[in-house]
Amino acid sequence: MATVKQPTAHDASAGSQAVRRAAVIGTGTMGPGMGAVLARAGIAVALQDVSEEALERSKAGVGLADSVLDKLETPRVEGGSIRYTVDLKDALDDVEFVVEAVPEKLELKHDVFRALEQHAAADTILASNTSGIPITKIAEACEHPERVIGTHWSNPPHLIPMIEVIPGERTSQATIDAAVVLVERVGYEAVIESEVPGFVENRILYAIMREAVDLVDRGIIDADGMDRCVRWGIGYKLAVIGPMELLDMAGLDIYQAVGSYLNKDLSNAGEVSKTITDRTAAGKLGMKTGEGLYQYTPERIDELRAERARKLVAVRKALS
Ligand code: NAD
């Protein structure tokens, strides 16, 4: 794998405050992949967790993410490294950027952000990977909310090259600019958006999920048919042509004509489908319990994980 030079603090492409050191707080599902991506871009990363066990487990997660980055042929920029610590003060030593990935509970995020302000330098950017808690609410715990921002990575973070950048009401322009520079430096798309429940990517996903489950519930199509229809129909297409581009490609007159009768017929259910709530109550949670909408053996789960990772790498390489 080629090693490329780290941008210097004077490098215009790196922005005025090129991040040299960063910390990722919380090393569960998301933290290890985020750390691996940042380290690849030449950043000395500290992974911090309150749980020794989670930190130990995260080493395998970082290794896996790093091997995927190898397959993606992501350049390894010199200066990048990863270290592991349970000590928050140690993790925050001299960092310019910190991203929090602890569980999605407002009180916990408040505790973490208070501690971040206490131990990080005054100009360190404090980012949250929250899936939907308003950044303005998270920043309420801080004396300097202007340096608090949402950087919402998509799972798996080492594979999905898009990060939603969400300023809170009091986030400064300098913080937004620095977050965008960092996202672009790791080779990802930075998408800036205003605060809205669920943020944009999940709103689109949940709109699709609601309609998909409703059609299966109504017996219009079975689960397998739904998955094949979406993967090879809109899924395949949307990876190349975004919805706004698709409107122009199809013609706004067509959308207006179809939307004028179809929009009224689409699901607008305010509650989650009974199919989902019943299965959840019965402990049928999907791959993690061996049954959800489909059934899985442990061997099939391993096969599916490997196959999906391989295909995501291939698709991303083909689209890059
Ligand atoms: P997770 O539960 O898998 O991991 C959280 C980790 O944080 C655990 O290892 C836990 O020990 C640690 N932790 C708890 N309290 C802590 C503290 N005070 N200081 C340091 N570490 C602490 O969570 P996750 O799925 O990685 O999600 C993290 C954040 O990212 C959440 O806000 C979540 O909504 C968001 N997110 C998750 C996904 C996803 O698919 N899992 C996707 C995008 C965003």
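Any read-out appearing in this document is the output of simple, stated calculations on the displayed coordinates, not a laboratory observation. For clarity, every value in this text was computed on a predicted model and none was experimentally measured. Reconstructed Cβ throughout: ideal geometry from the backbone, glycine too, with neighbour counts over all protein chains shown.
Can you give me the C-alpha center-to-center distance between region 304-320 and region 146-170, rounded to a whole angstrom?
Taking the Cα centre of each part, region 304-320 and region 146-170 sit 22 Å apart.
Could you pull out the pairs from Lys59/Lys89; Lys105/Lys284; Lys105/Lys288; Lys274/Lys317; Lys109/Lys284 whose alpha carbons sit more than 27 Å apart here?
On the way: Lys59/Lys89 20 Å; Lys105/Lys284 24 Å; Lys105/Lys288 22 Å; Lys274/Lys317 39 Å; Lys109/Lys284 30 Å.
As for pairs spanning more than 27 Å Cα to Cα, those are Lys274/Lys317; Lys109/Lys284.
On full extension of the chain, what length is gained from Met244 through Ala115, given 0.36 nm per residue of separation minus the C-alpha to C-alpha distance? Present the calculation step by step, with values, prior to reporting the outcome.
Working: separation 129, 0.36 × 129 = 46.44 nm, distance 4.15 nm.
Contour length minus the Cα-Cα distance gives 42.3 nm.
Taking Rh as the Kirkwood radius computed over C-alpha pairs, what is the Stokes-Einstein D of region 3-192 at 37 °C in a medium of viscosity 0.692 mPa s, expressed in µm² per second? Walk me through the intermediate numbers first.
Details: Rh = 16.1 Å.
Rounded to a whole number, D works out at 204 µm²/s.
If you stretched the chain out fully between Glu189 and Asp253, how much longer would it get, using 0.36 nm times the residue separation minus the C-alpha to C-alpha distance? Walk me through the intermediate numbers first.
Values: separation 64, 0.36 × 64 = 23.04 nm, distance 3.06 nm.
Extra length available between Glu189 and Asp253 comes to 20.0 nm.
Spin-label point model (7 Å from Cα, Cβ direction): what's the Leu293 to Tyr261 distance in nm?
Here the modelled spin labels are 2.7 nm apart.
Work out from phi, with θ = phi - 60° and the Karplus expression 6.51 cos²θ - 1.76 cosθ + 1.60, the ³J(HN,Hα) of each residue of region 186-192, listed in order in whole Hz, and give x for Gly and Pro.
Result, rounded to whole Hz: 7, x, 9, 6, 9, 10, 8.
Have a look at Gln256, Ser51, Ser172 and report the one farthest towards the positive end of the charge dipole of the chain, computed about the Cα centre with Cβ charges (Lys/Arg +1, Asp/Glu -1).
It is Gln256, whose Cα lies furthest towards the positive end.
What is the gain in length, in nm to one decimal, between Asp90 and Glu56 on full extension, counting 0.36 nm per residue of separation less the C-alpha to C-alpha distance?
Working: separation 34, 0.36 × 34 = 12.24 nm, distance 1.72 nm.
Length gained, Asp90 through Glu56: 10.5 nm.
Could you list the residues of region 48-71 with an amide nitrogen less than 15 Å from a label point located 7 Å from the Cα of Leu312 in the Cα-to-C-beta direction?
Within reach of a label on Leu312: 61-71.
What GluC sites (Glu not before Pro) does region 150-198 have in DSSP loop regions with at most 12 other beta carbons within 10 Å? Write out the running numbers ahead of the final one.
On the way: sites: Glu164, Glu169, Glu184, Glu189, Glu193, Glu195; in loops: Glu169, Glu193, Glu195.
Those satisfying the criteria are Glu169.
Below 8 Å between Cα atoms, with a sequence gap of 6+, how large is the relative contact order for the chain in percent?
Details: 474 pairs, mean separation 41.9, N = 320.
With pairs under 8 Å counted, the relative contact order is 13 percent.
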